[in-house]
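Following: one structure in structure tokens, then a few remarks.
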Amino acid sequence: MSQALPSSPHSSPEAGDTETLREPVTERPYRKVSIDCPDGAKADAMDTLETDLPDAFPDAAVDTEYGIRLEFDDASWLLVRPSGTEPYIRLYAESESVDDLVADARSVTETAIEQNQ
């Protein structure tokens, strides 16, 4: 008497077919920008940015564990953190409108650096 084999997840309708799996993955535009900031001004500038960035982007969720990370409803994000090895504050961003996001964040960041030099 033969037994039926358990169904494989690869053959279930929920898993999709191999053609679906082979479709290209679209990547969202990404930017990394370095903004000049003297080492002595980094801590104070980052303290200022902890308030100024959320104020500039009120719809974003904020996480300050590894810098200042803003996450938006459309899954776009921005991370602002000081470089540990160079005199920069770095902006990392991923968004369909990444250039606008970076331009706005750069303006807020440059103002915070100027205020704390």
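The values are calculated or read from the model by the stated rules, or taken from the named source; none is laboratory data. What you see is a predicted model; the values in this text were computed from it and never measured. Virtual Cβ from ideal backbone geometry, glycine too; neighbours counted across all protein chains shown.
Among residues of region 11-28 that are on the phi < 0 side of the Ramachandran plot and at pLDDT below 75, those with a beta-carbon under 9 Å from a residue that is assigned to a loop (DSSP other than H, G, I, E, B) and of a type in the set (Gly, Ala, Ser) at least six positions away or on a different chain give the pairs Ala15/Ser8. Of all positions in region 9-22, none carries a residue that is of a type outside the set (Gly, Ala, Ser) and assigned to a strand (DSSP E or B).
Counting the residues of region 67-91 that are surrounded by 12 or more Cβ atoms within 10 Å (Cβ to Cβ) and either free of Cβ contacts under 8 Å to residues at least 40 places away in the same chain or in a helix (DSSP H, G or I) (or both) gives 11. Would you please name the residue that is surrounded by the fewest Cβ atoms within 10 Å (Cβ to Cβ), looking only at residues in region 92-109 that are small (Gly, Ala, Ser) and not in a helix (DSSP H, G or I)? For region 92-109, the residue satisfying everything is Ser97.
Restricted to region 50-66, and to residues there that are over 16 Å from Val108 (Cα atoms) and of a type in the set (Ser, Thr, Tyr), the residue that is surrounded by the fewest Cβ atoms within 10 Å (Cβ to Cβ) is Tyr66. For residues that are part of a loop (DSSP other than H, G, I, E, B), over 13 Å from the mean Cα position of the chain (by Cα) and not acidic (Asp, Glu), tally how many sit in region 23-34. Counting residues in region 23-34 that are part of a loop (DSSP other than H, G, I, E, B), over 13 Å from the mean Cα position of the chain (by Cα) and not acidic (Asp, Glu) gives 3. Comparison of Val108, Val98 shows that the only residue that is free of Cβ contacts under 8 Å to residues at least 60 places away in the same chain and among the aliphatic types (A, V, I, L, M) is Val108.
The residue that is farthest from Ser83 (Cα to Cα), among those in region 35-66 that are touching a residue at least 40 places away in the same chain (Cβ under 8 Å) and outside any helix (DSSP H, G or I), is Phe57.
For region 18-49, the set of residues classified as loosely packed, with under 11 Cβ neighbours inside 10 Å, under 21 Å from Ser97 (Cβ atoms) and either among the hydrophobic types (A, V, I, L, M, F, W, C) or touching a Cys at 6+ places or on another chain (Cβ under 9 Å) (or both) consists of Val25 only.
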